[in-house]
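Engineer: I'd like to ask you about the structure that follows.
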Amino acid sequence: MEGVTPSMTTIADFIKVQKNDFHNNLDLGMSYPSYVLWSGFYMPDFPSDGSAVNKKIASEVKEYTQYRVKGEKDITSLLALSLTESEADNCTNITGIINNQLMNSCDTPETFVSAIKSALEKFSERLSVELILAIDTDNIDLSTFALASSLLGSGIFKGIYLYGEILSKMPQKFAGFTKTAQEHNLKTEIFAGFTKSSDEYMNLLRLLNPNTIIQGEHSVKDSKIIKFLKEHSINTVVTPSTSFSTAQIQFEQKARYIRTLLNEGLSVKLATESILLFNQSLSNFASNLCNTGIFSKEEMISLLQQK
């Protein structure tokens, strides 16, 4: 094929490989055609060329999903779509992110937990799923953390994930919550993609002391950050996430970021984050990273299979 060199890979090179997805938003982890069948409607202006969505459409997808979910059965079927997608891509271990806001359609936390368990039960013999409760720090009220604590008390969640612009601007507001979670042996994951400077990044790390950073590209720009990540054994998860400003995934930039972290001796894991928004299965993402020429196929497979 014109323009394709013998060293290039395809999605098929990685689909057959058993792999681990370390950050899968289970309310957004399906392909667009699957989402349409579930929702019963098309999204206006959704990109037809398979590219990632922009910020406006990403916001609309989340709003439409909340509108469509009316109760326990809808939550179960929505999560099952993502788990089906993961199984088709030969993912055997998944860190499944459950958005706290999904609970708005349930009468009680117990009903919400029951819906999640129903979805997981159908895949229990084929997929190992570790659940993390996600909280959007830009959309919280006085009841958020009380409800989150109730959900965490159910025992099905193994950790918390905090994200949002407010998190980066005012991490001190959430330090008490993450400390309490850690005291109860729960993992803490935070999104670092909104940090604007190295100082802001370091403040986030020192105050929250997370186990895992999601999208922390700023780390490669400052030796102090690299040192902190090493000293505290903090994992870094890299996903196809975009800034949503251009909706174009910078695969070479991400590949160089991963290479730098690995050269520094840090732990790097790969994840899909949101297949619906970024149109990248884990195999797709791996192939695109590999085709930058920065990784060999064997290295990429090793990344996909690490625990």
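The values are calculated or read from the model by the stated rules, or taken from the named source; none is laboratory data. Nothing here was measured: the structure is a model prediction, and the numbers come from that model. No Cβ is skipped: glycine too gets one built from the backbone with ideal geometry, and neighbour counts run over all protein chains shown. The accessibility values were calculated without ligands, DNA or RNA, using every heavy atom of the protein model including side chains. Shrake-Rupley method; radii C 1.70, N 1.55, O 1.52, S 1.80 Å.
Engineer: Within the set of pairs 6 or more residues apart or between chains, which connect a residue that is touching a residue at least 60 places away in the same chain (Cβ under 8 Å) inside region 137-163 to a residue that is among the charged types (D, E, K, R) with Cβ atoms less than 8 Å apart?
Structural biologist: From residues that are touching a residue at least 60 places away in the same chain (Cβ under 8 Å), the pairs are Tyr161/Glu189.
Engineer: Still on this structure, I have one more. Residues to consider are Gln248, Gln306, Gln280; find the one that is touching a residue at least 40 places away in the same chain (Cβ under 8 Å) and more than 26 Å from Ser51 (Cβ to Cβ).
Structural biologist: Gln306
Engineer: All but one of (1) more than 27 Å from Ser51 (Cα to Cα); (2) in contact with a His (Cβ under 6 Å, 6 or more places away or on another chain) hold for Val237, so report the exception by its number.
Structural biologist: If we test Val237 against (1) more than 27 Å from Ser51 (Cα to Cα); (2) in contact with a His (Cβ under 6 Å, 6 or more places away or on another chain), just (1) comes out false.
Conditions (1) touching a helix residue (DSSP H, G or I) at 6+ places or on another chain (Cβ under 8 Å); (2) in a strand (DSSP E or B); (3) open to solvent by 20 Å² or more (accessible area, probe 1.4 Å), marked per residue:
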| site | (1), (2), (3) |
| --- | --- |
| Phe14 | yes, no, no |
| His23 | no, yes, no |
| Leu28 | yes, no, no |
| Ser34 | yes, no, yes |
| Trp38 | yes, no, yes |
| Pro47 | yes, no, yes |
| Ser51 | no, no, yes |
| Lys56 | no, no, yes |
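Engineer: Next up: Determine whether Phe285 is in contact with a Leu (Cβ under 9 Å, 6 or more places away or on another chain), modelled with pLDDT of 95 or more, aromatic (Phe, Trp, Tyr) and over 24 Å from Leu28 (Cβ atoms).
Structural biologist: Here the answer is no, as Phe285 does not meet what is asked.
Engineer: Looking at this structure, is Val237 at pLDDT 95 or above and crowded, with 17+ Cβ neighbours inside 10 Å?
Structural biologist: Criteria met by Val237.
Engineer: Just checking, which of Lys173, Lys169, Lys227 is over 15 Å from the mean Cα position of the chain (by Cα) and under 28 Å from Val53 (Cα atoms)?
Structural biologist: Among Lys173, Lys169, Lys227, only Lys169 is over 15 Å from the mean Cα position of the chain (by Cα) and under 28 Å from Val53 (Cα atoms).
Engineer: Still on this model: Are there any pairs, at least 6 apart or on different chains, whose C-beta atoms fall under 6 Å, with the first in region 210-222 and among the acidic types (Asp, Glu) and the second modelled with pLDDT of 85 or more and surrounded by 20 or more Cβ atoms within 10 Å (Cβ to Cβ), and if so, which?
Structural biologist: Hits for this filter: Glu217/Tyr257.
Engineer: For the structure I just gave you, tell me whether Thr95 is in a strand (DSSP E or B) and either open to solvent by 20 Å² or more (accessible area, probe 1.4 Å) or touching a residue at least 60 places away in the same chain (Cβ under 8 Å) (or both).
Structural biologist: Yes; evaluated as a whole, the condition is true for this residue.
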